[in-house]
Amino acid sequence: MPFKSNSESVSEAPWALWLPLLALPAALLIIWAVAFAVVKLQREEVIAVLEKEQQASLAVLASHAEGELRLYGRALQIAADALPVDDFEDPEALTAFLKAREPLRTLFDDALIVVSPDGRIIGSAPVTHAGQDVSQRLYFQEGQYAYEPFVARPFVAYRTGEPVIPVVVPRRDRRGDLRVLVVGGVNLARRNVLANLDTHSLGETGFFFLLTADGTVLSHPRWEPMSSPPQAWALAESVGPGGRNLIHEEVLYSLRPFNEGRWLLGVGFPLAEALAPVQDLRERVFAVGLVVSLLAMLLAFSAFRGISRLKRSEARYREFSRSLEVRVDERTLALKQSRERLSMAVQAGGVGLWDWDLEQDQVSLYRPERPDLPPRSMGALLDRVHPADQERVREIIQRYLDEPSSIYECEYRYRRENGSYAWALSRGRVFEWAADGSPRRMTGVVQDITQRKQAEQRIEYMAHYDALTELPNRVLFRDRVSQELAAGRREGRRFALFFIDLDQFKHVNDALGHQVGDELLRIVAGRLQACLREPDTLSRQGGDEFLLLAPDITSPGDAAVVAEKLLEAMREPVAVQGQELRVSGSVGIALYPDDGDTVDALIKHADLAMYQSKSAGRNAYHFFTACMDQQVEELVTLGSDLRSALSGDQFHLVYQPQVDSSSGRVIGAEALLRWEHPRRGPVSPGSFIPIAEDTGQILAVGEWVLRAAIRQLREWRRMGLADLPVAVNLSPRQFRQPDLAEQIGAMLDEAGVPAALLGLEITESALVEEAESTLEALHEMGCRLSVDDFGTGYSNLRYLKRFHIDKLKIDQCFVRDVPGDKEDEAVVEAVISLARSLGMGVVAEGVETARQLEFLLARECTEVQGFYYSRPRSAADFTTLLRGSRRLAGADVRQNQRTGTR
């Protein structure tokens, strides 16, 4: 209130002039007491307001941060549960499993590892850390005794030097023994809710920070992460379970424990900025007080001038009052703006505030978008909770009120205004207690967590279902089989397990592209599902492999009926992107309990039976038999022997002549691989080539064949024999090498052999868009290109026209039954006509009889290959042929055919 002076005249009695002098000491004491009180009250009011704002900000951030940590733990728990038990000893499989979880790797900043019980990393993504010892890490030591996911003490990563918060999920077996620890790292140096505290601010100099309970710095704008400065230790020591506000080193700190008290979330506001208005007020009040004091003393000594001076002081005091009012208004506006910023932060985080008066049963809600919400009773609010959640929510609230702990927390679904339901997370605590010790008032926050719940549901779905076909994946399928095994042991029930594989799917995928292959898989999956009963489970295992669990199959006859339905469904033509595809399937069947009593045994035996169907010609089904295990062991042994065949000089090439049948002259040769096993003797290519392709050894074998054929060409040129082209078969996997043309060019240059003498035979599936650069490079180099076994696979005639192909080779399966088989005759005539119209040569394979040769000659196909003229010959025999007339007597060979020899 402005100071009001007396309007007494200077002509008043002298005793009246002495009254101010007599009242001077008391007046000065009153003035200074009021000044100090005003400044102190203003300071306390500002600090109280700031403490409430800072605690409210910390409550919002802590709720958000704890929600994020639970999401990390839940996502990692789902991934840990999905880990196949069989892969715990296979680092490559574990690493592949982690790399396939793209959403999970993104969530953990590409920092995922799987740790064995002895502290070794056995799987990681995307960087390989296999074999690294982490047994000294605190998170590993804590994980030895943990049974639930937890957030461990932060540490500094070896590789990056950056602070990391480990989220740990222990995976234990049924006995409780630790099998693996799945660990995800939340990098405090990257973008996440913990690392980005520095993006939040309070005023110009206020800041947020994060400490551990023992004072280690996790995030602070001034202190280094993972350091322990004395100031941080002092702050951590001063905080109790409920948080605290304190002033330390001229900074107003508010701290709040979270993550079960392991961490402290804090905010600091330097008093220099926070109390700037109060400081200004204090200086002005003290200045005015000093002025008033001096004026009072001057008034005592100069009574006759006191009135005029008092009036001037009154004017100055009024000006100060106006200035003070302006400063108060400015501070009020600043506080209002701060509240508005807090409101915006609450709104952006989808958070609302609530206050429950338990005595009046009135719940006040505050949401920035609905500030006018009237108070409601708790019963009215519970009526909006989903009926399935109401009883659980009531129990949680009552349990908390009976025994209040540090924090009340509850997740539930509630009905929106439009009638739909959303997920909410409500958290709070008791803030007031009645005289009898019962809770009287609770305050907290409520947050919409619908998106988080949807993300969790999506992650859960991805962990158990195949993304392409939406069928159960191998994790869910194994769980279903385990349940059926338990029921079988308990109730004596029988069931069958079917292993289904599409025939020639790889050729479709390579020739027509992955989009066609994926669509084919979806259509076939739908047809297979249409064959199922209600209790059956169909699962996609990956690629073109499916597994079917059929409960209550009591006999092989019942299983055979199911297998026939499956084969029939797969035999139907499939229309994909305007093309009609005809595929078939191979099925293997294992019966419980006859063929195994574990999940792995049944799947393995069904797989073996399926391969028996493949070996028998495909488009069939077989039951598992005990001898199949011996056949697998034989294949494994053969694959092991194949690894030493190259280094042991067990391979050699033979050469089958390619003949111009109009003259009988040898015009070329095809190099064929043979394996002379030291114990088994000759091994058929049909036995070891598929094994080489499955194990990846086909690349080394193919390179050996190329080098051996080129060396033989060099040797024949050195002998002075006329140049004769030699054709070499390239496997599809070998042809897909991006540097294949460079490899072949280097081999030819090293041997000094012209590229025109080397023929390369590729399959139809190689004629795809991606092969254009390789085919063009080989053509420009001068190599002769042929399409082997033409007509047996899927090919695009547009590619055949577009690429530089020199010859088409008619597969022997079409030549074998001509003349006589009308369909084979039509195919042979169509290939010859197609090659002629495109300006290509034609070679007929598998010619064995005079009638076959006459049929081909009548259709102007003169270039043939087969036993009719010659079996494959060793290099020495073929050299003898080249030194002679290079002609094979067709008439003599025909006579041999008539006498029963070849």
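Quick rundown of the values:
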quantity	calculated
Extension gain (nm, one decimal) between residue 483 and residue 418, 0.36 nm per residue minus Cα-Cα	19.2 nm
Contact order relative to length of segment 464-624, as percent, for alpha carbon pairs under 8 angstrom and 6 or more apart	28 percent
Protein accessible area in segment 358-456, 1.4 Å probe - carbon and sulfur %	47 percent
Normalised contact order of segment 638-883, rounded percent, pairs of Cα under 8 Å and 6 or more residues apart	20 percent
Extension gain, residue 284 back to residue 746 (0.36 nm per residue minus Cα-Cα distance, nm)	157.1 nm
Bridge type composition, the chain - antiparallel percent by DSSP, nearest 5	85 percent
Charge context of residue 859, other residues only, Cβ under 14 angstrom, K/R +1, D/E -1	-4
Helix runs (DSSP H) in the chain reaching 20 Å along axis by Cα, Kyte-Doolittle at least -0.5	24-81, 276-301, 514-530, 556-571, 599-615, 627-645, 698-718, 822-837
Surrounding net charge for residue 400, when Lys and Arg each add one and Asp and Glu each subtract one, Cβ distance under 12 Å	0
Percent RCO, i.e. relative contact order, over the chain, from Cα pairs under 8 Å lying at least 6 residues apart	6 percent
Within-15-Å neighbourhood charge of residue 557 [Cβ basis; K, R +1; D, E -1]	-2
Nearest-0.05 FRET efficiency for residue 407 and residue 36, computed from C-beta distance (R0 60 Å)	0.90
Cut-off 14 Å, label 7 Å out along Cα→Cβ of residue 28, residues of segment 274-294 by amide N	289-294
Residue 687-residue 322 pseudo-label distance in nm [points 7 Å out on the Cα-to-Cβ vector]	11.2 nm
Virtual spin-label span in nm between residue 470 and residue 555, 7 Å along Cα→Cβ	3.8 nm
Projected label distance in nm at residue 647 and residue 600, using a 7 Å step from Cα toward the beta-carbon	2.9 nm
For the chain, calculated [θ]222 nm from helices alone, where every DSSP H run of n ≥ 4 adds -39500 (n - 2.57)	-15000 deg cm²/dmol
Sites residue 802 and residue 159 - FRET efficiency at Förster radius 51 Å, r taken between beta-carbons, to 0.05	0.60
Reported label for calculated Cα Rg over 2.2 N^0.38 Å given (1) 1.04; (2) 1.17; (3) 1.50	(3)
Sequence ranges 505-517, 818-830, 111-123, ranked by mean other-Cβ count within 10 angstrom, highest first	111-123, 505-517, 818-830
Accessible area in square angstrom per residue, the chain, 1.4 angstrom probe	50 Å²
Entries in 52/453; 453/604; 506/801 that, when Cα-Cα distance is taken, lie over 28 Å	52/453; 453/604
Distance from segment 667-741 to segment 549-566 (C-alpha centre basis), Å	45 Å
Computed lengthening from residue 626 to residue 875, 0.36 nm per intervening residue step minus Cα-Cα distance	85.3 nm
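The values are calculated or read from the model by the stated rules, or taken from the named source; none is laboratory data. Worth saying up front: this structure is predicted, and the values here are computed from it rather than measured. As a convention, Cβ positions derive from the backbone with ideal geometry for all residues, glycine included, and neighbour counts pool all protein chains shown. These accessible areas exclude ligands, DNA and RNA; they are computed on the full protein's heavy atoms, side chains included. Shrake-Rupley method; radii C 1.70, N 1.55, O 1.52, S 1.80 Å.
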